[in-house]
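Quick note: the coordinates plus some simple rules give every number you see, no bench work behind them. Nothing here was measured: the structure is a model prediction, and the numbers come from that model. Glycine also receives a Cβ, built like all others from the backbone with ideal geometry; neighbour counts cover every protein chain displayed.
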Amino acid sequence: MPTPLPASAQRANRIAIACILGGSAVVVLFLFWLIYFHKPPPGTAVPEAASMLPAFNALCNSVAATCIAAGILFIRAGRKTAHGVSMAGAVIASALFLTGYLIYHSTHGHTVFGRTDWLRPVYLFILITHIILSVVVVPLVLSSVWFAIRRQWRLHRKISRWTYPVWLYVSVTGVVVFVMLRMLNEPL
């Protein structure tokens, strides 16, 4: 039977999880507003550098997915330091993605998938599951990181069993959505 955490550690965890959930809710609401309700001022053009952000964001998602997959292989092989480095890389790549995403959508808004053939429901399924799970993954990742920093390995493992498949799915489908919007978005 695992040793129970001291009351002070339990209290710190409760406070941290409350902050993670509250902060995640604020981020999600802000992103929702930014994408669907915020309108750039009239005459505002997307800066040329910002037009490259979707490709940069897809690259960040690719790096995050690679780091997550490597991190899982490392921890299964007992290579804890390599696992930690890989997961730190995934967190950094995801943070860079979020930064690029915010910058791009503050000037651009959302992109519509124009096809009406059989590919549209496929795209919408991928996009909707990506969006829903991207809301879920933020508190999962932050909680996993919190428990790792606190060296509470039992709790880290418990939450990370849920974190890594969701985070991997969100990272991979982020790339898929980019590819579909860039290469398959021509109406037939």
Handout entry: Angle between the chain longest axis and helix 80-108 axis [Cα atoms, degrees, rounded to 10]
Key = 30
Problem - the stretch 126-139 - phi-based ³J(HN,Hα) in whole Hz, Karplus 6.51/-1.76/1.60, Gly and Pro as x - result: 4, 5, 5, 5, 4, 5, 4, 6, 5, 5, 6, 5, 4, x
Exercise for the section: Wrap a convex hull around the Cα atoms of the chain, take a quarter of its surface area, and give that in square nanometres. Expected result: 13.0
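Remind me, relative contact order of the chain in percent, using alpha carbon pairs under 8 angstrom and six or more residues apart?
Here the relative contact order equals 29 percent.
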Handout entry: FRET efficiency, ALA49 to LEU21 (Cβ-Cβ, R0 41 Å, nearest 0.05)
Key = 0.75
